[in-house]
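The values are calculated or read from the model by the stated rules, or taken from the named source; none is laboratory data. Note that the coordinates shown come from a computational prediction; the quantities given were computed from them, not determined experimentally. Cβ: placed from backbone, ideal geometry, glycine included. Neighbour counts: every protein chain shown.
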Amino acid sequence: MHEVQRIAELRRQVAQWRGQGERIALVPTMGNLHAGHLRLLEAARRVAPRVVVSIFVNPLQFSDTGGGDFARYPRTLAADAERLREAGADLLFAPPVAEVYPDGLQAATRVTVPGLSDILCGVYRPGHFEGVATVVSKLFNMVQPDLALFGEKDYQQLLVIRRLVRDLCFPIEILGVPTVREPSGLAMSSRNHYLDETQKAHAARLYQTLCQARERLQSGAAEIDEIEAEGMQALRAAGFRAEYFSVRRAADLAPPTAGERDLVILAAAWLGEARLIDNLRLDS
Ligand code: PAF
């Protein structure tokens, strides 16, 4: 596996593969890799002979770059590189912050996806999706992959990225990969590291609450606003600090109109020091 930190080196290697007529898949990550990331890599290997994985903890998508969430985000580059080598990645791109934002964060050109970025998680994390859209656009331009893969756990992020690809005419196919779960149902996430074992077991209540809501919706036993209120109440009763529990149209996260069937239930809630997000599609 090639390990590079500079855009020029990355481009040299990618150009060589391209010259050989090989397709390139990109798996963008912030590192601290778990089984969910490895599933993205497996999926990438099935669709392209060359897989580039990026590891970059992107300061622009954290509200508090001076400390807090950005500073304590787990960084495990050596162990990540080892896992990627074993899993068959072709290239690890792990640039320093100055390579991605040479003039600093304030001066950086930004990519904004209005509307989709301002709802659900966007309400609680202002600027977050602008940071994601900006870094993903930059990574797309650096790597110029044929395909890029993202986890469906971050469902809103996936839609933001699909929209930016369409609007900015990136010639890149975006593949969503299903969420990988612990046996308890808890969605795999780097943020699960902030939970102790007892909290981890308890955190599965988020998934269970989503499953209950899906059953209620499918059986037609309750209206959407009742289901959302019940979800919030169930999470609070289970000791979460719930931010939202919402039923939306799967295609664009708009509030569903009557008779809409392609829906997704999304939730965000804090348990201790961890902000957890999860979602369930109604047709899955
Ligand atoms: O999902 C993530 O890990 C990040 O938001 C991403 C897509 C790598 C951009 O920094």
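Observations on the structure shown:
- Among the residues of the stretch 127-163, those identified as touching a residue at least 60 places away in the same chain (Cβ under 8 Å), of a type in the set (S, T, N, Q) and in contact with a strand residue (DSSP E or B) (Cβ under 8 Å, 6 or more places away or on another chain) are Gln144, Gln156.
- Selection count, the stretch 42-57, where residues are surrounded by 22 or more Cβ atoms within 10 Å (Cβ to Cβ) and within 13 Å of the ligand (Cβ to nearest atom): 4
- Note on the stretch 30-58: residues that are without any contact (Cβ under 8 Å) to a residue 60 or more places away in the chain and within 19 Å of Glu130 (Cα to Cα) total 2.
- Of the numbered criteria (1) in contact with a helix residue (DSSP H, G or I) (Cβ under 8 Å, 6 or more places away or on another chain); (2) at pLDDT below 95, the one Leu60 fails is (2).
- Among the residues of this structure, Asp69 does not count as one that is within 14 Å of the ligand (Cβ to nearest atom) and touching a Leu at 6+ places or on another chain (Cβ under 7 Å).
- Any hit, the stretch 87-107, residues being within 13 Å of the ligand (Cβ to nearest atom), part of a helix (DSSP H, G or I) and modelled with pLDDT under 95: no
- Those residues of the stretch 58-80 which are among the acidic types (Asp, Glu) and crowded, with 18+ Cβ neighbours inside 10 Å, in sequence order: Asp80
- Residue within the stretch 8-21 that is free of Cβ contacts under 8 Å to residues at least 24 places away in the same chain and either buried (at least 22 other Cβ atoms within 10 Å of the Cβ) or among the aliphatic types (A, V, I, L, M) (or both) present: yes
- In the condition set (1) within 14 Å of the ligand (Cβ to nearest atom); (2) under 15 Å from Thr29 (Cα atoms), Leu77 is compliant with all but (1).
- Hits in the stretch 1-31 - residues which are under 23 Å from Pro102 (Cα atoms) and of a type in the set (D, E, K, R): Glu3, Arg6, Glu9, Arg11, Arg12
- Taken over the stretch 151-168, the criterion of being near the ligand (Cβ under 10 Å from one of its atoms) and surrounded by fewer than 22 Cβ atoms within 10 Å (Cβ to Cβ) is satisfied by Lys153, Asp154, Leu158.
- Test: residue in the stretch 1-21 that is at pLDDT 95 or above, aromatic (Phe, Trp, Tyr) and within 15 Å of the ligand (Cβ to nearest atom): no
- Selection from the stretch 81-118 of residues that are closer than 16 Å to Arg50 by Cα and surrounded by 12 or more Cβ atoms within 10 Å (Cβ to Cβ): Leu84, Arg85, Ala87, Gly88, Ala89, Asp90, Leu91, Leu92, Phe93
- Qualifying position, being of a type outside the set (Lys, Arg), over 23 Å from Gly115 (Cβ atoms) and touching a residue at least 12 places away in the same chain (Cβ under 8 Å), among Gly239, Gly220: Gly239
- Looking at Leu26, Leu10, Leu38, just one residue is closer than 16 Å to Thr76 by Cα and not in a loop (DSSP other than H, G, I, E, B), and that residue is Leu38.
- Some residue of the stretch 237-250 being under 17 Å from the mean Cα position of the chain (by Cα), at pLDDT 95 or above and hydrophobic (A, V, I, L, M, F, W, C): yes
- Test: residue in the stretch 194-203 that is among the hydrophobic types (A, V, I, L, M, F, W, C) and either within 27 Å of Leu263 (Cβ to Cβ) or within 14 Å of the ligand (Cβ to nearest atom) (or both): yes
- Residue that is at pLDDT 95 or above, on the phi > 0 side of the Ramachandran plot and among the small types (Gly, Ala, Ser), where the choices are Gly115, Gly68: Gly115
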